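Only one structure is covered here, and it is reproduced in the block below.
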Amino acid sequence: MTAPRTLYDKIWDDHVVHTSEDGTCLLYIDRHLVHEVTSPQAFEGLRMTGRKVRAPEKTIAVPDHNVPTTAGRETHIDNEESRIQVEALDKNAREFGVVYYPVTDIRQGIVHIVGPEQGWTLPGMTVVCGDSHTATHGAFGSLAHGIGTSEVEHVLATQTLIQKKSKNMKVEITGKLRPGVTAKDITLAVIGKTGTAGGTGYVIEYCGEAIRDLSMEGRMTVCNMAIEGGARAGLIAPDEKTFQYVMGRPHAPKGAKWEAALAYWKTLFTDEGAHFDKVVTIKGEDIAPVVTWGTSPEDVLPITATVPAAEDFEGGKVQAAQRSLDYMGLTPGMKLTDIRVDAVFIGSCTNGRIEDLRAAAAILKGRKLAPGVRGMVVPGSGLVRLQAEEEGLAQIFQDAGFEWRLAGCSMCLGMNPDQLAPGERCAATSNRNFEGRMGRGGRTHLMSPVMAAAAAITGHLTDVREIMAEAV
Amino acid sequence: MDKFTTLTGIAAPMPLVNIDTDMIIPKQFLKTIKRSGLGVNLFDEMRYTPDGKEIPDFVLNQPAWRESQIIVAGDNFGCGSSREHAPWALLDFGIRCVISTSFADIFFNNCFKNGILPVVLPQEAVDHLMDDAKKGANARITVDLENQTVSASDGTSFAFEVDAFKKHCLLNGLDDIGLTMEKSAAIDAFERANAMARPWA
């Protein structure tokens, strides 16, 4: 009888190609997602060594980081370097014969939204991409993580990755969430508790009633930010919701293969008694709508709190906190709800899915952006955009005064023209509040889509529960 | 990839915790399709004013640390994105070793692919080396990968752990794609078995 195994153990075991004496493994990769920023040097490496892409049918390329989100991008990208990078992906995808969704394709979007949407991401798979937010795909119970460009080249050439196994960490969110609290609040609250290095060396399995209750979109939001907690990957065991989401997607299995897959997927759970090296438990009812105040995703506080002082911290964090306060232009002791914003960004691989847009639109319906606040909605994919238009969400955003953009990573990392000006402050549904992330000198407060919508209406960070109360 | 065996050099002190990949190399420099030439933009927004002038206070702009080959850093160095442009920028500047109490996972792996050695040491050791780093050329640090030690200028030696395979590749400057391709028979066999067991994948 085999010892009880975690979900991570099971996926790992099913993908080991070779184990060396020192424990280094060669892990088989089922899906390799590729975007334009971290792949050109890898394809160039293949070209220089005369190597081919081993499994082009398992390699999916889509431009997302650089692409403008305004009309006309299909024919011209103003920024020359961005254009060269997008053109390089186009050339490489065609030359090496990988699956490709160019910017002219309605299915184009953020790679981590396109993969699940098209049914490329399936339970029990190994999924990698030259992007740290690959962790998103863990929501399906697939082992998914970011890799560097050298590893991209390695996977292109061999369909494997050289890996040492990580440790197992369990993050359990018990009970129910309170109204106004979302998947984003869960994932930020976890990072607030464990810190940005708390998950280093681990693969996290998220479990508990509050996780089970989340939709697939919500689960993707939670896993997406596993990397912000330092973990290699985040996982959620697949269940009926997962199977329902996957069923019928263009690249999901059909017929007899579906039945076989389903039987296998139902074995993908952590066995009773399996060992976790670290366990973190949070009560769902203890999680409030949260925002970040500083320049690290661990700088998380409930919206009802006040800005901390550097002296509230210990060790190296004192200097970092002071630097954050200076950069963010905040005074210790001020209420978080007194922080005024200049911009609101709704989008990204964290919160650019249809459910996120529905949630934000529900708050914004019949309301307007506060005077002087710039609002931007960037759907995660062309198909999300289309669906949001069909559901009337686009109209709600536009009526509220938001710009309704084309799909891409956009302001989340500001590689395209969507950026903050120095000193501008943004309520953002994205994943990183690092210095300069959304534009040099730009100030980012991370939060959920409903919290971002609430800030849009009032012009300052706002407890969405107050807006929700008004609506009743 | 260049070999890494031993290195004696000036270390730059960067005690700030959570130095992220956006600080190491901001996004506007990710638009390159090359690996080289990023050193001039290493730590760009900490190092230069918006109009491109050097910020004199920044450590790598100070005469004592312009030739640094080592960085002694605060906790969780390299957190954030998977951009290999971060180690490319460090390498292009001339940094071959970063010492900290902890590193972010992807950055840590990326270093080894580029001939950079990330060394994890306990807080006391990092503090000791940080003191050396603050003395610039007056207190050079020696890193010996073969023997897995870092030596401070006063002779104090700190042992560090390193993965045996990663060490082997770094000591010999090996291309791991070539090594993996030698195992192609095992990959073929896995794919055949996988096609039977998980035909949907």
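The values are calculated or read from the model by the stated rules, or taken from the named source; none is laboratory data. In this text, all values refer to a predicted model and were calculated from it rather than measured experimentally. Using ideal geometry, Cβ is built from the backbone for each residue, glycine included, and neighbour counts are taken over all protein chains shown. In case anyone asks, the SASA skips ligands and DNA or RNA and just uses the protein heavy atoms, side chains included. Shrake-Rupley method; radii C 1.70, N 1.55, O 1.52, S 1.80 Å.
Side notes on the structure shown:
- The residue that is surrounded by the most Cβ atoms within 10 Å (Cβ to Cβ), among those in the range A:1-39 that are among the polar types (S, T, N, Q) and within 12 Å of another protein chain (Cβ to nearest Cβ), is A:Ser39.
- Of the residues making up the range B:7-26, at least one is surrounded by fewer than 16 Cβ atoms within 10 Å (Cβ to Cβ) and either closer than 24 Å to B:Val143 by Cα or of a type in the set (D, E, K, R) (or both).
- If you go through the range A:366-420 and keep only what is farther than 21 Å from A:Asp342 by Cβ and of a type in the set (S, T, N, Q), you end up with A:Ser381, A:Gln387, A:Gln395.
- Criterion violated by A:Leu413 - all others in (1) surrounded by 24 or more Cβ atoms within 10 Å (Cβ to Cβ); (2) at pLDDT 95 or above; (3) closer than 22 Å to A:Arg83 by Cα satisfied: (2)
- One residue stands out in the range A:156-170 among those that are basic (Lys, Arg) and more than 7 Å from chain B (Cβ to nearest Cβ): the one that is farthest from B:Asn194 (Cα to Cα), namely A:Lys170.
- Restricting the range B:37-51 to residues that are part of a loop (DSSP other than H, G, I, E, B) and open to solvent by less than 20 Å² (accessible area, probe 1.4 Å) leaves a set whose member that is farthest from the other protein chains (Cβ to nearest Cβ) is B:Leu42.
- Residue match in the range B:72-88 (condition: open to solvent by 30 Å² or more (accessible area, probe 1.4 Å) and more than 13 Å from every other protein chain (Cβ to nearest Cβ)): no
- Total residues in the range B:25-36 satisfying the condition of being more than 16 Å from A:Ala88 (Cβ to Cβ), at the interface with another protein chain (Cβ under 7 Å from one of its Cβ atoms) and part of a loop (DSSP other than H, G, I, E, B): the figure is 1.
- The set of residues in the range A:318-340 that are part of a helix (DSSP H, G or I), exposed (fewer than 15 other Cβ atoms within 10 Å of the Cβ) and out of contact with any strand residue (DSSP E or B) (no Cβ under 9 Å at 6 or more places or on another chain) contains only A:Asp326.
- Yes/no for A:Ala407 being under 16 Å from A:Val450 (Cα atoms), in contact with a Leu (Cβ under 9 Å, 6 or more places away or on another chain) and either open to solvent by less than 30 Å² (accessible area, probe 1.4 Å) or in the same structural domain as A:Pro63 (by the TED database) (or both): no
- Leading residue by the ranking (nearest to the other protein chains (Cβ to nearest Cβ)) among those in the range A:230-250 that are in contact (Cβ under 8 Å) with a residue 60 or more places away in the chain and touching a strand residue (DSSP E or B) at 6+ places or on another chain (Cβ under 8 Å): A:Arg232
- Scan of the range B:140-165 for residues that are in contact (Cβ under 8 Å) with a residue 40 or more places away in the chain, away from every other protein chain (no Cβ under 14 Å) and not aromatic (Phe, Trp, Tyr), ordered by number: B:Arg140, B:Ile141, B:Thr142, B:Val143, B:Asp144, B:Leu145, B:Glu146, B:Val150
- Of the helices (runs of 4 or more DSSP H) contained entirely in the range A:87-206, those carrying at least 3 residues that are farther than 29 Å from B:Phe112 by Cα and open to solvent by 10 Å² or more (accessible area, probe 1.4 Å) fall at A:183-194.
- All helices (runs of 4 or more DSSP H) inside the range B:148-201 with 2 or more residues being within 21 Å of B:Ile116 (Cα to Cα): B:164-172, B:176-181
- Of everything in the range B:104-125 that is open to solvent by 10 Å² or more (accessible area, probe 1.4 Å) and more than 8 Å from chain A (Cβ to nearest Cβ), the residue that is nearest to B:Phe160 (Cα to Cα) is B:Val120.
- Considering residues of the range B:171-197 that are of a type outside the set (A, V, I, L, M, F, W, C) and closer than 22 Å to B:Thr5 by Cβ only, the residue nearest to the other protein chains (Cβ to nearest Cβ): B:Asp176
- Residue that is farthest from the other protein chains (Cβ to nearest Cβ) [pool: residues in the range B:1-24 that are farther than 24 Å from A:Val318 by Cα and part of a loop (DSSP other than H, G, I, E, B)]: B:Ile10
- Pair list, Cβ < 8 Å and 6+ apart or interchain, from the range A:308-319 residues that are among the basic types (Lys, Arg) to residues that are open to solvent by less than 30 Å² (accessible area, probe 1.4 Å): A:Lys317/B:Val17
- Hits in the range B:111-134 (condition: part of a helix (DSSP H, G or I) and out of contact with any Ser or Thr (no Cβ under 7 Å at 6 or more places or on another chain)): B:Cys111, B:Phe112, B:Glu124, B:Ala125, B:Asp127, B:Leu129, B:Met130, B:Asp131, B:Ala133
- Residue tally, condition surrounded by fewer than 11 Cβ atoms within 10 Å (Cβ to Cβ) and either at pLDDT 95 or above or charged (D, E, K, R) (or both), over the range A:53-76: 1
- Residue list for the range A:341-390, restricted to those being among the polar types (S, T, N, Q) and either surrounded by fewer than 24 Cβ atoms within 10 Å (Cβ to Cβ) or within 15 Å of A:Ala452 (Cβ to Cβ) (or both): A:Ser348, A:Thr350, A:Asn351, A:Gln387
- Hits in the range A:128-155 (condition: over 14 Å from the mean Cα position of the chain (by Cα), in contact (Cβ under 8 Å) with a residue 40 or more places away in the chain and within 13 Å of another protein chain (Cβ to nearest Cβ)): A:Ser142, A:Leu143, A:Gly148, A:Thr149, A:Ser150, A:Val152, A:Glu153, A:Val155
- Subset of the range A:271-306 (residues that are over 13 Å from A:Ile186 (Cα atoms), away from every other protein chain (no Cβ under 14 Å) and buried (at least 21 other Cβ atoms within 10 Å of the Cβ)): A:Trp293, A:Ile303
- The condition (being open to solvent by 30 Å² or more (accessible area, probe 1.4 Å), of a type in the set (A, V, I, L, M, F, W, C) and farther than 18 Å from A:Ile110 by Cβ) is satisfied by just one residue among A:Ala469, A:Ala400: A:Ala469.
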